[in-house]
Amino acid sequence: MGDAIIHRDDRGRIVGLTLRDIGAETIAGTSAGHFVQAVAASLSEYLHVPVTGGELDGELTIDRSDTHLDREIDAVLETLVIGLRMLEREYPSDLVVQDAKVGIEV
């Protein structure tokens with residue numbers, strides 16, 4: 001079973017995503033991988049937001065430093081989460097979507 005972990009900051013905004021054990025041999029895994037790749041390309045090519053990662057298994061990190069783009073970035077990333085949750089409902093034995101709050105430790 002694969003995991004999609006949504007990383008949110010203290011304001012609830014998505015700052016990253018981790019995909020673990022996403023099986024390319026399952027419909028849910030293949031679809032989740034394509035969703036993440038499409039979002040990474042959209043953010044970087046259309047909005048010119050620096051993005052790292054976006055592979056099938058691994059991390060996707062979004063640079064949220066341009067506050068003028070917050071609404072656009074939020075719309076793209078929340079659409080990704082909705083799509084992943086739809087996959088989770090359709091294929092519960094293949095994908096689990098979780099939220100995780102990230103914080104700054106001092």
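For the chain, adding -39500 (n - 2.57) for each run of n ≥ 4 DSSP H residues and dividing by the number of residues yields -11500 deg cm²/dmol at 222 nm. Between the listed residues 79, 33, 51, the Cα displaced farthest toward the positive end of the dipole of the chain, a dipole computed from Cβ unit charges relative to the Cα centre, is found at 79.
Stretching residue 25 away from residue 46 to a fully extended chain increases their span by 4.6 nm, per 0.36 nm per residue minus the current alpha-carbon distance.
Just flag the GluC sites (Glu not before Pro) in region 65-106 sitting in loop per DSSP whose Cβ has no more than 15 other Cβ atoms within 10 Å.
Working: sites: 72, 78, 88, 90, 105; in loops: 105.
Sites meeting the loop and neighbour criteria: 105.
In region 2-100, the DSSP beta bridges split such that about 70 percent are antiparallel, to the nearest 5. Length available on full extension from residue 3 to residue 82: 0.36 nm per residue minus the Cα-Cα distance, which gives 27.0 nm.
For residue 95, the residues whose modelled amide H falls within less than 5 Å of its own, excluding neighbours fewer than 5 places apart on the same chain, are 2.
For a Förster distance of 22 Å, can you work out the FRET efficiency between the beta-carbons of residue 68 and residue 98, rounded to the nearest 0.05? Don't jump to the answer; show the numbers that get you there.
Details: r = 30 Å, r/R0 = 1.35.
About 0.15, to the nearest 0.05.
In order along region 88-102, phi translates into HN-Hα couplings of 4, 5, 6, 10, x, 7, 10, 8, 10, 10, 10, 9, 9, 8, 9 Hz, rounded to whole numbers, per the Karplus curve 6.51 cos²θ - 1.76 cosθ + 1.60 with θ = phi - 60° and x for Gly and Pro.
Under the convention that each Lys and Arg Cβ holds +1 and each Asp and Glu Cβ holds -1, the size of the dipole of the chain around its Cα centre is about 240 debye. For a test of the definition: using alpha carbon positions, the gyration tensor, and the 1.5 limit on a/c, classify region 1-59 as rounded, prolate or oblate. Oblate shape, in that a/c is at least 1.5 and b/c is the bigger or equal ratio. For the chain, the relative contact order comes to 39 percent (Cα pairs under 8 Å, sequence separation of at least 6).
For region 36-42, the Karplus equation 6.51 cos²θ - 1.76 cosθ + 1.60, evaluated at θ = phi - 60°, returns couplings of 5, 5, 5, 5, 4, 5, 4 Hz by residue, with Gly and Pro reported as x.
Any idea what % of Cα-Cα pairs in region 2-100 are farther than 16 Å? Let's see the in-between values first.
Working: 2411 of 4851 pairs.
Value for region 2-100 (Cα pairs over 16 Å): 50 percent.
Only the coordinates and a few stated rules stand behind these numbers; no lab work does. In this text the structure is predicted, and so the values were computed from the model without any measurement. Heads up, the Cβs are rebuilt from the backbone with ideal geometry, glycines too, and the neighbour counts pull from every protein chain shown.
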